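Contents: one structure, followed by commentary.
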Amino acid sequence: MAKGGLVLGTTAALAAAVAVVGFQLANPSIAAFRDSPKEIVDEAWQLINREYVDGSFNKVDWRQVRRQYVENRDYSSKAEAYRSVREMLKLLDDPYTRFMDPEQFKSMQIDTSGELTGVGIQLGMDDATKQLTVVAPIEDSPASRAGVLTKDIITSIADKSTDGMDINQAVALIRGPAGTKVKLGIKRGDRQFDVELERAKIEIHPVKAELRDTNIGKVGYISLRQFNANAASDMRKAIQDHVNKGAVGFVLDLRSNPGGLLYSSAEIARMWLDNATIVSTIDRKGESERLTANRQSLTNKPLVVLVDGGSASASEILSGALQDNKRAVIVGTKTFGKGLVQSVHSLSDGSGMAVTIAKYYTPVGRDINHMGIVPDQVVELTKDDLERLNKNRDLVGTVSDPQFAKAIDILSGELKKVSSR
């Protein structure tokens, strides 16, 4: 992973059974303080003081926080220090800025390798209700096979109520050795039920690509599940393969894609765009960085992008860039609405922190935080649709999938426009 990698996505900020991150090494000069729990608290305070996106710290007196947690308190153990760091960060009221103990941070780094051990649930914290909510189940994972769905509320883990439980605590309870089991309490609408899941090793393949034979010809169907370190290279191979095989158009499926790495989303955008702005980021000083596409596109064939409420952050950057530049038609339902960027740092004792450092804006200047990307063509899936597609994943991305079927209709119209020119 590149030093200083930037993170986008609910997976990184709201880690669950999977996390996709970039990280950077701590300043070596800090290493001398490794045996001092108090210095861990100081490191965490300094990171927020130096990098946090909001210079007012969400109206928290950050100097007073230092006096309370660093200057006027001694620590006898790292566990004490970790509790204080989490207390400090909680004051910011930012679910995306979080602390990870060494084991959690190590797990986060392992996850970037594309394999994890768990049940395959990506969790988020609902901003309004503060409830642990499923952002997306990973395809072909224990959770997916058991029928866990996006927007399910996790009410208990191993018979422990999740009321007041943060993401880190939930992750610690859900994860465990392959072959062991964990029981989850789930609320779905008015229904409340338990699901017992057996933990397993889960390989994460970010791209699934197939050439579909349709009534308009061969259509390249590419499903991108997350923006990890392998996503761009896998995407490039898929597009080139479909172009070589005569695809007349493409459907890019970003449904339930919770995000990932900033550079990955930018690289993938460049495969579809020529001479266009992809995204702008603005930090606490108001300094803007703009990422652009410069004549690197792999195809100019018509493109439809599928999104839903589980499409977050890096997915929203990509779909927003394609929508604003009129390169693609967006189909589905409104996206998650996360317009924040995190940088992930290792601390001197092997623990880590994700810190919100910037906001991002689409090419025409839209701030999608909490607002999301609204599709050009809204197509809702019914409850029956969701359960049918979840039970038989082979139907996803076929004409039995209403959102994909709409995409084919749109591609048909786009091809007719091209042929009439």
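Side notes on the structure shown:
- All of (1) outside any loop (DSSP other than H, G, I, E, B); (2) at pLDDT 95 or above; (3) surrounded by fewer than 21 Cβ atoms within 10 Å (Cβ to Cβ) hold for Asn390 with one exception: (2).
- Residue satisfying all of: in the stretch 393-416; assigned to a loop (DSSP other than H, G, I, E, B) and touching a residue at least 40 places away in the same chain (Cβ under 8 Å); farthest from the chain's Cα centre (by Cα) among these: Val399
- Those strands (runs of 3 or more DSSP E) of the stretch 270-314 in which 2 or more residues are β-branched (Val, Ile, Thr) and crowded, with 16+ Cβ neighbours inside 10 Å occupy 276-283, 303-307.
- Of the listed requirements (1) surrounded by 15 or more Cβ atoms within 10 Å (Cβ to Cβ); (2) closer than 16 Å to Ser141 by Cα, Lys181 misses just one: (1).
A quick yes/no check of all residues on (1) in contact with a helix residue (DSSP H, G or I) (Cβ under 6 Å, 6 or more places away or on another chain); (2) in a helix (DSSP H, G or I); (3) modelled with pLDDT under 95:
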{"residue": "Gly22", "(1), (2), (3)": "no, no, yes"}
{"residue": "Ala26", "(1), (2), (3)": "no, no, yes"}
{"residue": "Ala31", "(1), (2), (3)": "no, yes, yes"}
{"residue": "Ile40", "(1), (2), (3)": "yes, yes, no"}
{"residue": "Ala44", "(1), (2), (3)": "yes, yes, no"}
{"residue": "Ile48", "(1), (2), (3)": "no, yes, no"}
{"residue": "Val53", "(1), (2), (3)": "no, no, no"}
{"residue": "Val60", "(1), (2), (3)": "no, no, no"}
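- Selection over the stretch 129-188 of residues that are closer than 26 Å to Ser311 by Cβ, part of a loop (DSSP other than H, G, I, E, B) and hydroxyl-bearing (Ser, Thr, Tyr) gives a count of 4.
- For Met353, the conditions (1) part of a strand (DSSP E or B); (2) surrounded by fewer than 16 Cβ atoms within 10 Å (Cβ to Cβ); (3) not charged (D, E, K, R) all hold with the exception of (2).
- Strands (runs of 3 or more DSSP E) fully within the stretch 191-263 that include at least 2 residues being farther than 14 Å from Thr299 by Cα and touching a strand residue (DSSP E or B) at 6+ places or on another chain (Cβ under 9 Å): 191-198, 200-203, 207-214, 217-224, 259-261.
- For the stretch 254-263, the count of residues that are of a type outside the set (Ser, Thr, Tyr), more than 30 Å from Arg212 (Cβ to Cβ), surrounded by 24 or more Cβ atoms within 10 Å (Cβ to Cβ) and out of contact with any Ser or Thr (no Cβ under 6 Å at 6 or more places or on another chain) is nonzero.
- Restricting Gly164, Gly189 to those that are under 22 Å from Ala146 (Cα atoms) and loosely packed, with under 12 Cβ neighbours inside 10 Å reduces the list to Gly189.
- On the stretch given as the stretch 315-336, residues that are touching a residue at least 40 places away in the same chain (Cβ under 8 Å) and either in a loop (DSSP other than H, G, I, E, B) or closer than 12 Å to Arg255 by Cβ (or both) total 11.
- Of all the listed residues (Lys181, Lys151), the sole one being assigned by TED's automatic domain parsing to the domain that holds Ala128 and farther than 17 Å from Ser256 by Cα is Lys181.
The values are calculated or read from the model by the stated rules, or taken from the named source; none is laboratory data. For clarity, every value in this text was computed on a predicted model and none was experimentally measured. Glycine also receives a Cβ, built like all others from the backbone with ideal geometry; neighbour counts cover every protein chain displayed.
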